[in-house]
Each structure stands twice: as C-alpha cells, then as structure tokens.
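Chemist: One structure coming up, written as structure tokens, with questions to follow.
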Amino acid sequence: MTPNTAVPGLLDQEVVAQWREDFPILRQTIYGKPLAYLDNAATTQKPRSVIETVARFYTEINSNVHRGVYYLSERATELYEEARRTVQRFLNAPSAAEIVFVRGTTEAINLVAHCLGRTRLREGSEILLSQMEHHSNIVPWQLVAEQTGAHLRVIPMNEHGELDLEQYEHLLTERTAIVAVVHVSNSLGTINPVAELVRQAHARGIPVLVDGAQAVAHLRVDVQELDCDFYAFSGHKVYGPTGIGVLYAKRRWLEEFPPYQGGGDMIRQVTFERTLYNEVPYKFEAGTPNIAGAIGLKAALDYVSALGIDTIATHEHALLRYATERLQAIPGLRIIGTARQKAAIISFVLSDIHPHDIGTFLDREGIAIRVGHHCTQPVMDFFGVPATSRASFALYNTPEEVDRLAAALQKVVEFFRV
Amino acid sequence: MEELRELYQQIILEHYRNPRNFGELSEATHRAEGNNPLCGDRLTVELRVLGDRIEDIRFRGSGCAISQASASVMTTLVKGVTVEEAEALFERFHRIVLGETEPEALDLLAAFAGVREFPSRVKCATLAWHTLRAALHNVAEVVTTE
Ligand SMILES: Cc1ncc(COP(=O)(O)O)c(C=O)c1O
C-alpha cells in the first residue's frame, strides 16, 4: 500500500476511504456536517459484514444452541462454536476450551474476581491493581475484598502515565494473590508492558489478569506470548456487537474455579441433592448465551484479520502522531498521558475550558468525542483535573478528521476566551 | 453556530468569566453541596436566611460554563428575596430550560432558554438551583442532577 505523503506512515487515503465504505453509519451528517466519529474507545462502529451476519442469523438460523437435535439448532451450535475457535485464533490461545463467552470486559473481570474470591483470597491477601485502571477493574475487586478481608494495593504511575516498574517489584509479595492491570489505558492511551509485568509476577507464582478492552482493536494480542492467566475484552470495542465479550483463562484456572453462575447449559446432571457441572468452558456459560453476539463478534474479528491488525495499528499510530502534533500546537492545550508507548487515544485539557463545553461545541461541528472522567476517577485525581476531553481513533479515521478536530478546538478557544 | 450562541449567550459567558457572589459566606445558616460526577461539575451554595428572607448567598465550585453561570445568575436573583419567592424562581427556571414556558425579554433567566435545545446540558443548568433548594430544605446529602 502506498503511504500518504502528507502524513508519514498513514495509509493511502483511498484505502481508508474504502474501509470507510464498509461502515454505513459513517455516511451520515450531524447538524449538517459529516460525522467525524472520534469516540472509538467508548465503542467502535460496525462494518456491514457484522451487521449482516447478525441479521442473517436472526433471519435464517435462529434457534438455541447445545440442545436441539434438529437442523437449525445444530447449525446455530456450529456457528457459535466456530466463533469460539475464531476468538481462540485471534488471541492465539492454546485451546478453544479456554475461551469463555461473557457480556463484556466487565463481566469477565467480575467472573475472575468472584471465583478467585471463593478459592484463593483470604484475610490479608493483596490484590495488586494499577493507578490507571478502569472502574470495572477496581470495583469487582473491592467487592470481593470486602467479602474476604483482602486488600487492594496500587502500582503508581509517573506524570507521563507510565507505570512505576520499580515500585511494582516491591509491591509483589507473598501476600499478593493476583495482579490485575489494563493493557491499554482508556483515558491515557498508555500501552503497559504486560509481558514484563507477567514475568515478574510469575517469578513469584502470582497470576495476572489483563484488561484488554482497549487493546484488541489496536494491537496484536498473543496470550501465549504475554503468558497472562486471564485476558478480558469486549466485542463492541473491536467492531463487534454489544453484549458479547470474552474471558480467556488458562485451563487450570477454569478447572480450579467453581461456577460463576448456575443454570442451564453449565450442568451435566442435576438432582435436588447434587449437580455435576459441565466441562470447561461451558461450566461458565450458564443460560442461553448471546448467540447472535458471538457470531457477530466472529464476523468482526474476521474483518479485522482480513485488513490486518498490524496494518490497522500502523495507520492508527500515524494518526495518533499527527493528532498529537496538531493538538499540541493549540495554545493552552495540555495532553494528559504522554507515555512513550501509546495507542490511538489522546486525552487533553484546554486552558480553563470545561470538557463538557468543548464536547457540546464539537458536537455541533459533527465531531463526536468523549468528555468526562472516562470511568477512571483515580487517573483524573492523579492529574488534578475533574475531567478530560478524549479523542480516540479507529481504522476508519482520517487526517482530515484530525484537521477538523484541531480547527474546531481553535474555534472553541476563541469562543470561550476568558 | 447559531444554536451555540443561543446556548452560550453573552450573559452566560460573562457570568462564567466573572462569577458573582463567588466564595465563602460567613455566618451561613444554610448550606448544601451539588456534584455531577460524570461531568465533573461541583458546587457549594451557602445562604444566610433571616426570618423568611435570603439575606445573603455565596457559591463556589468548578465546572462547565453552563453550571457556573447558572449558579452565578441564581445568586444575583435570589439575594434579598423571600424563601417563597426563591422557590417560585426555581419553578420558573425549570419551566424555561425545559421549554415549558417562554421567558419575558428582560428576564435574566431568559439567557438559559437555549439550553432546551441541548438535552444533555439541562442537568448542568439545573444543578445550582437544586443545590439551592437542598440548602433551603436542610438536605444533608450531596445533590446531583445526573
Ligand atoms: C480499559 C477498559 N476496561 C474495561 C471497560 C469496560 O468494558 P465494558 O463496558 O464493555 O464491559 C472499558 C470500557 O469502557 C475500558 O475502556
């Protein structure tokens, strides 16, 4: 592919223009302006192949899985299990039995926290998180800490939004029961050195959970290379449907853990005295799952794989560099999160102008960004700001959209000039 | 741009830049806090009520232009009025931002009529007024309009 000459590393505009064609929603105008969707860290848009796959499932195949003996049910079961194998290959997991379908990252983390609470956590145990965790990787641990008498410990970060690895080493003790860290921070964009964190934890026999919600759409994830025990992500942040997500867990944990929820599908035999649980991963999939969601997620991962995650990453990285340059040139703009390793996310504050005012202003320009604390209040506290504005990129974003963002921010400055 | 100018009227921008009655109130008799954590809008409203009259009012806080200007305008309107009159202003303000009534031309509250076109911003405009009411009613919990 030929590079974009104006912005080094960016793909040929025609390639991106073709990608954009795959996303029907991007064609619309908002208040008369073309939509510039820059809130991809919240959720990504869906390509036609995902939308059509889900529609086709309901139009032609809909039936329940794992129970019917008739054609449609067998077909639905096949597609559902095929989706599991697609996720397995996407993460390079050793076995499809290590892929549990859940509602999303949040449920995946709750599952692990709950099960670990029942098996490993006790009075005085320590749960080691980082200072840049999303609330969904804080609150589930607080809930089990309350039940078990365990405590939360926090890996600090520096003013760039990079974890303090020296402190990390000191925080790993014989009391540490689990390390739970975000792969890519949703409010700072920092890519954490997960493989290194895992290596150090494993040297002390401590398991590691990685929150991959912001990672899978932006960089190649290989759970065997990372060697993490758990990896969680949400389908909707990687061009798939909402309501479907994945927990990858090493088999030994799934074998050791008790079920998370009880119900149909997760059992082998039930009497009122005793229940035999199904094998993994079904032990963790109680009730009728989100079948269409799983199949839609497969379509999304196929889409990403067809384009090539490395191609996407290169494009987004160039976009991030370009946006960083353009935004830094705006007087009074301060980027929050300046780690050396970053992915697709720029958080910023602009003079004294409140992010909420910025968001409303940009909305009228057809530009969708996120403003607020991004479910990471400890990060906001650390940087001493109540909220930030955040632009986050996906494969379909263009340098023209970055230009529009920069121009609109310039207008914001003039409008609110104090 | 037109609608943005409607939302961010000169009066609002002016109050945002130079908030009136900003700071702490000595000998306050009533006090309440407002917080919209999703947006990061925070306010403290303090009152000195003598008899049934609001003798003095101050606010402090931080947040978006709409929330801060609304608080500032509110303090200028309720300073010196009776509690009953303040409640009536509260009602009128809400009818204006929700588009249930057309404000009169010279009404300071008219500046907030543009908010109705921005449903996600109504909560910013109303935070100060709900905090005022909580103060008058001695509500201890932090007020939110999210
Ligand atoms: C880093 C991170 N973790 C977890 C989540 C939660 O994901 P979900 O709401 O899809 O469960 C998000 C989503 O905002 C996120 O950005």
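The values are calculated or read from the model by the stated rules, or taken from the named source; none is laboratory data. Source: prediction; values computed, not measured. All Cβ positions, even for glycine, are placed from backbone atoms using ideal geometry, and neighbour counts span all protein chains on display. When the accessible area is computed, the model is the full protein with side chains, heavy atoms only, and any ligands, DNA or RNA have been set aside. Shrake-Rupley method; radii C 1.70, N 1.55, O 1.52, S 1.80 Å.
Chemist: When you look at the Cβ of every residue in A:370-378, what mean number of other chain Cβ atoms sits within 10 Å?
Modeler: Rounded to a whole number, the mean comes out at 2.
Chemist: Compute the long axis of helix B:83-97 from its Cα atoms, compare it with the longest principal axis of the Cα atoms of chain B, and write down the angle in degrees, 0 to 90, nearest 10.
Modeler: 20 degrees
Chemist: Please give the per residue accessible area of region A:225-333, computed with a probe of 1.4 Å over protein heavy atoms only, in Å².
Modeler: So region A:225-333 comes to 41 Å² accessible per residue, rounded to a whole number.
Chemist: Which peptide among A:327-336, A:354-363, A:80-89, A:209-218 comes first, and what is the full order, when sorted by highest mean count of other Cβ atoms within 10 Å?
Modeler: Per-residue mean Cβ counts within 10 Å order the peptides as A:209-218, A:354-363, A:80-89, A:327-336.
Chemist: How much length, in nm to one decimal, is gained on full extension between A:THR119 and A:GLN167, taken as 0.36 nm per residue of separation minus their Cα-Cα distance?
Modeler: Gain on stretching A:THR119 to A:GLN167: 14.5 nm.
Chemist: May I pose another question? Run the reach check for A:LYS46 against lysines, Cα to Cα strictly under 20 Å, same-chain hits fewer than 8 apart removed. What comes back?
Modeler: Here the lysines satisfying the reach criterion relative to A:LYS46 are A:LYS237, A:LYS298.
Chemist: While we're looking at this one, here's another question. Leaving out ligands, DNA and RNA, and with a 1.4 Å probe, what % of the accessible surface on region B:19-146 is carbon or sulfur?
Modeler: Carbon and sulfur: 49 percent of the exposed surface of region B:19-146.
Chemist: List the residue ranges in chain A for DSSP H helices whose C-alpha atoms run 15 angstrom or more along the long axis and whose Kyte-Doolittle average is 0.0 or above.
Modeler: Result, helices passing both filters: A:105-119, A:291-307, A:399-416.
Chemist: Continuing with the same structure: Using a 7 Å offset from the Cα along the Cα-to-Cβ direction at both B:LEU38 and A:GLU255, what is the distance between the two label points in nm, to one decimal?
Modeler: Computed distance between label sites B:LEU38 and A:GLU255 equals 4.6 nm.
Chemist: Just need the relative contact order of chain A here, percent rounded to a whole number, with Cα pairs under 8 Å and 6+ apart.
Modeler: Value for chain A: 23 percent.
Chemist: Would you mind giving the mean number of other chain beta-carbons within 10 Å of the Cβ of each residue in B:87-93, as a whole number?
Modeler: The per-residue average across the peptide is 0.
Chemist: Something else now. Using modelled amide H (1.01 Å from N, peptide plane; none on Pro or chain starts), what sits under 5 Å from the amide H of A:HIS66, excluding residues fewer than 5 places away?
Modeler: Sorted by chain and number, the residues that satisfy this are A:THR77.
Chemist: Simple spin-label model, 7 Å along Cα-to-Cβ: B:ARG95 to A:ASP222 in nm?
Modeler: 6.9 nm
Chemist: Another one. Please state the shape class of chain A: rounded when a/c is under 1.5, otherwise prolate if a/b exceeds b/c and oblate if not, all from the C-alpha gyration tensor.
Modeler: Oblate is the answer for chain A, as a/c is 1.5 or above yet b/c matches or exceeds a/b.
Chemist: Once each part is reduced to its C-alpha centroid, what is the distance from region B:55-76 to region A:145-187 in angstrom?
Modeler: Using only Cα atoms, the two centres lie 40 Å from each other.
Chemist: Still on this structure, I have one more. At 7 Å along Cα-to-Cβ for each site, give me the label-to-label distance between A:ASN64 and A:THR311 in nm.
Modeler: Spacing of the two 7 Å Cα→Cβ label points: 4.2 nm.
Chemist: A follow-up question, please. Just order A:156-167, A:292-303 by mean Cβ neighbour count inside 10 Å, highest at the front, would you?
Modeler: Highest to lowest by the protection proxy: A:292-303, A:156-167.
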